[in-house]
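Everything on this sheet refers to the single structure shown next.
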Amino acid sequence: MSDKKESLLLRLVKYVLPIFFIFASFGIILAAFVFKPVPEKKETIQVLPVVEIIEARSKPIILEARSQGIVESRTETLLVAEVTGRIQSISNSFFAGGYFKKGDPLIEIDPVDYRANLASSKSRLAEARLAYEQEKALADQAREDWESFGRGEGSDLPLRKPQLERAKAVYESALAGMEIAERDLERTTVKAPYDGRIHEKFADIGQMVSARQSQLARIYSTDTAEIRLPISLKDIEYLELPESYSNRSTNDTKPRVIVRGSYGGEQYEWEGVIDRTEGAIDPRTRLSYVVAKIEEPYRKGEDSDRPPLKVGLFVEASIQGKRIDNAFQIPRKALQENNTVYTVDWESRIVFKDVEVYQTDTEWAIITAGLEEGDRICITPLEYAVMGMRVERESKESIEILKTEINQKL
């Protein structure tokens, strides 16, 4: 009997106990899964790009064309000696940069020989005049004598016509010689042909110079400065330039131009007009050229420290163009590649708009087509933008509200 009980107990231990452990383990796992702590759920926050928006407002805009060039003088002259001799004196302003007025004596060449030549010429002229007057008297007397004898028409020789013509020719030659001598004497003093300035001098006191060979100085006028400005054919469309044909002028308008140059580390401005348009287009660059004119470039203003507009200075020019009644001026940063502008619709989604750009600079872009009144333009640079992308309009209130919501939900 005891053996049977032991056998039954062994069977229970062998078969029932493992099953019990299996169910117990399963129960523990199930309880752990059912009663495990549930983590707190957090709402996902979608952060939209915050952009600054401006509204497109058209307005009248006076267009400008930009160009650049080198300041030149309107008139430049190479002074050359017209007589031979030694320079005996020069003007106090005869140096590079010196100013002079029209008619001022710049150089004087020794005139002694030319004065002597003039005196000789006057003496020869007096003798020739006397001989001519005497021959006229003799010719008149010969004609009267011939007529008194009643011989009809006389030949030239008895009437002294050849003698008279010779005396007249000698007199005219002597007169021309005296005029040449006077002119040569006058040319010993080299006078300024206009108000101007010395650009470079090539001669000095004591130097021997030769007529029509020796260069004395290079001078230029100071009444007007000119700047040759290249203009693209596209820009010409927006300008009203002076133009002319062979038979008449079609447009006498002279647009205003502002030139800016750097001098001594400072920027200065001068105002002028577009004086004329050149008659050809550069075949290589396809550019046309206009000439800006600035009056009195060396005149100092009463209340201005502006330096003179010197020849050779590099300047940038802004040419006043036509007036456009409906154009948009937007920040340059709002203009994207391929002349595209990002606008934001009333659902705060990005909309791409292709625009026609007339002009850009570092700050502004002028749009002549592609935008509509009231368009909401995104002026915030976006690293990545797609059509229809949602954005958040930037404002102090929206930024603070967004920060508060994020903090509360976190």
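Read-outs throughout are calculated quantities, based only on the coordinates presented, and are distinct from any laboratory measurement. Everything quoted here is computed from the prediction, not taken from an experiment. Virtual Cβ from ideal backbone geometry, glycine too; neighbours counted across all protein chains shown.
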Neighbourhood charge, 14 Å Cβ-Cβ cut-off, centred on Ile379 and excluding it, Lys, Arg +1 and Asp, Glu -1 | +1
Once phi is turned into θ = phi - 60°, what whole-Hz ³J(HN,Hα) does the Karplus curve with 6.51, -1.76 and 1.60 give for every residue of region 257-270, x standing for Gly and Pro?
-> 9, 10, 10, 10, x, 9, 9, x, x, 10, 9, 10, 10, 9
Can you run phi through the Karplus equation (6.51, -1.76, 1.60; θ = phi - 60°) for region 97-106 and list ³J(HN,Hα) in whole Hz, with x for Gly and Pro?
-> x, x, 8, 8, 9, 4, x, 5, x, 9
Centre separation in Å (Cα based) which lies between region 289-328 and region 115-134 = 59
For region 82-220, whose charge dipole is built from +1 on Lys and Arg Cβ atoms and -1 on Asp and Glu Cβ atoms, the candidate among Asn92, Ile107, Val209 with its Cα farthest towards the positive end is Asn92
Do any of Lys102/Lys293; Lys101/Lys293; Lys168/Lys191 go past 27 Å between their Cα atoms, and which?
-> Lys168/Lys191
Check each of the chymotrypsin sites (Phe, Trp or Tyr not before Pro) in region 303-377 and keep only those in coil by DSSP with at most 16 other C-beta atoms within 10 angstrom; list them in order.
-> Trp346
quick shape note, region 163-312: Cα extents on principal axes in Å, largest first -> 75, 45, 35
Of the candidates Pro242, Ser232, Thr285, the farthest towards the positive dipole end of region 227-307 (Lys/Arg Cβ +1, Asp/Glu Cβ -1, centred on the Cα centre) is Thr285
Note, ³J(HN,Hα) from phi for region 355-370, Karplus 6.51, -1.76, 1.60, rounded to Hz, x at Gly and Pro | 10, 9, 9, 8, 8, 9, 9, 5, 10, 10, 10, 9, 10, 9, 7, x
Search the structure for amide H atoms under 5 Å from the amide H of Val51, placed 1.01 Å from N in the peptide plane, and list their residues when 5 or more places away or on another chain.
-> Glu392, Arg393, Glu394
Would you mind giving the average projected area, over all directions, of the Cα convex hull of region 82-220 in nm² with one decimal?
-> 11.0
Whole-percent tail of the Cα-Cα distance distribution for region 167-243, cut at 15 Å, equals 76
Residues whose modelled amide H sits under 5 Å from the amide H of Ile109, counting only those 5 or more places away in sequence or on another chain, are Gln88, Thr189, Val190
Provide the packing ranking of 208-217, 277-286, i.e. peptides ordered by the mean count of other C-beta atoms within 10 Å per residue, highest first.
-> 208-217, 277-286
